[in-house]
Amino acid sequence: MVRGGELTQVAQKSQGIQTLLEAEKEASKIVEKARAYRTQKLKDAQSEAEKDIAALKQKNDKAIADFQKQFEGSSSQEQGALDKDTKQQLDEIRRAFEAKDQELIQKLLDRVAAVDPQPHRNLAKVSEA
């Protein structure tokens, strides 16, 4: 049979176990809240970082586009100036050729028509030896 003192002792142990179980449940809830808080903070930080990265990327893209516009215009202007200068030089060469083409043709014909047969200089050295 169970005596009165033992019954009180068993009830106290049962109450102590119940208190420990409640404390464990409360601690579990606190840990779960902390995990959820940490997870939310990580998501918020990642979202904020993505926003910052997008803003920085947009800023850099704009700077690159402005830089390209600035130098594209000048390179096309320079290309136009170079094309114009090249055309002028070619026109000058053509005019110079047209002015002297007949003189050149006559000099070539005179050179070809003027025949002065002479033995090669090496042939003269061989016959002396």
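The values are calculated or read from the model by the stated rules, or taken from the named source; none is laboratory data. This is a predicted model, so every value here is computed, not measured. Backbone-built Cβ (ideal geometry, glycine too); neighbour counts: all protein chains shown. Only protein heavy atoms, including side chains, enter the accessible area calculation; ligands, DNA and RNA are left aside. Shrake-Rupley method; radii C 1.70, N 1.55, O 1.52, S 1.80 Å.
Taking 30 Å as R0, compute the FRET efficiency from the Cβ-Cβ separation of residue 107 and residue 84 and round it to 0.05.
0.30
Explain nothing, just the number: dipole magnitude of the chain about its Cα centre with +1 on each Lys and Arg Cβ and -1 on each Asp and Glu Cβ, in debye rounded to the nearest 20.
860 debye
If you fit an axis through the alpha-carbon atoms of helix 4-113 and take the longest principal axis of the Cα set of the chain, what angle between them do you get, 0 to 90°, nearest 10?
Roughly 10 degrees between the two axes.
Please give the per residue accessible area of the chain, computed with a probe of 1.4 Å over protein heavy atoms only, in Å².
Using a 1.4 Å probe on heavy atoms only, each residue of the chain averages 99 Å².
Among the lysines, which have Cα under 25 Å from the Cα of residue 62 when same-chain residues fewer than 8 positions away are ignored?
Those lysines meeting the cut-off are 51.
Which of 65, 55, 23 sits farthest toward the positive end of the charge dipole of the chain, with +1 on the Cβ of Lys and Arg and -1 on the Cβ of Asp and Glu?
Positive-most Cα among the choices belongs to 23.
Would you look at the GNM of the chain, springs on alpha carbons closer than 10 Å, and say which of 38, 111, 94 moves the most?
111
Around residue 63, with a cut-off of 12 angstrom between Cβ atoms, what is the net charge of the other residues, counting Lys and Arg +1 and Asp and Glu -1?
+2
With a 1.4 Å probe and every protein chain kept in, tell me what percent of the accessible surface of the range 1-123 is carbon plus sulfur.
57 percent
What Kirkwood hydrodynamic radius do you get for the chain when you take the inverse of the mean 1/r over all pairs of distinct Cα atoms, in Å?
Hydrodynamic radius (Kirkwood, Cα only) of the chain equals 27.4 Å.
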